[in-house]
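Read the figures in this text as sums done on the coordinates, not as results from a lab. These figures come from a predicted structure and were not determined experimentally. As a convention, Cβ positions derive from the backbone with ideal geometry for all residues, glycine included, and neighbour counts pool all protein chains shown.
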């Protein structure tokens with residue numbers, strides 16, 4: 001057999017691997033919970049008007065254990081407190097992040113990171129709508145971290161900046177409705 005490049009072409013395998021296939025998982029049943037069912041509001045009191053036209057704040061009943069599953073309820077309270085360090089949370093229970101993500105997927109039908117992100121965005125929306133907190137405080141309190149993370153998240157989710165989102169959400173009478 002003649003030497004040359006024939007051995008290269010005969011035994012050639014692609015140097016490049018096939019692109020990684022991402023498995024799209026979907027529950028084959030209706031998820032047990034929706035985000036609205038599991039969301040814990042950051043507010044403790046609501047403004048209530050009486051017949052005389054005066055108002056006062058009254059306590060809001062907060063559901064801090066909406067699922068009855070201890071670890072999931074702890075996770076929801078962790079997110080509602082603006083915490084976002086998942087490794088610290090799972091270490092507290094001796095879990096792996098994949099196990100927590102699996103539990104979230106089973107209960108909500110959403111991937112763990114997506115559920116966390118939507119929870120944080122919902123929390124940020126409430127803070128933007130009902131308070132005059134600065135951007136930095138809303139980003140920190142919602143668990144999104146920095147203003148740049150907050151900005152990127154709002155751009156990706158709604159194609160809005162932070163002030164545009166606040167203006168879009170806020171209706172007359174919203175400011176100070178909750179505390």
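The stretch between residue 158 and residue 57 holds 33.2 nm of extra length on full extension. This uses 0.36 nm per residue minus the Cα-Cα distance. Each of 140, 166 was scored by other Cβ atoms within 10 Å of its Cβ. Listed from fewest to most, they are 140, 166. Here the stretch 148-172 is scanned for amide nitrogen atoms under 18 Å from the site 7 Å beyond the Cα of residue 118 along Cα-to-Cβ, giving 153-159.
Secondary-structure-derived ellipticity at 222 nm for the chain, considering helices only, amounts to -14000 deg cm²/dmol, per-run term -39500 (n - 2.57) for DSSP H runs with n ≥ 4. Legend: calculated FRET efficiency, residue 50 to residue 133, from the Cβ-Cβ distance at R0 = 30 Å, rounded to 0.05, equals 0.60.
Quick one: which of 152-158, 73-79 comes out on top by average Cβ neighbours within 10 Å, and what's the full order, highest first?
Descending packing order for the listed peptides: 73-79, 152-158.
Across the chain, Cα pairs under 8 Å and at least six residues apart give a relative contact order of 22 percent. Quick one: if the Förster radius is 22 Å, what FRET efficiency do residue 34 and residue 64 give, using the C-beta to C-beta distance and rounding to 0.05? Efficiency, rounded to the nearest 0.05: 0.80. Which stretch or stretches of the stretch 91-133 have amide N atoms under 20 Å from the point lying 7 Å from residue 175's Cα along the Cα→Cβ direction? Answer for this model: 124-133.
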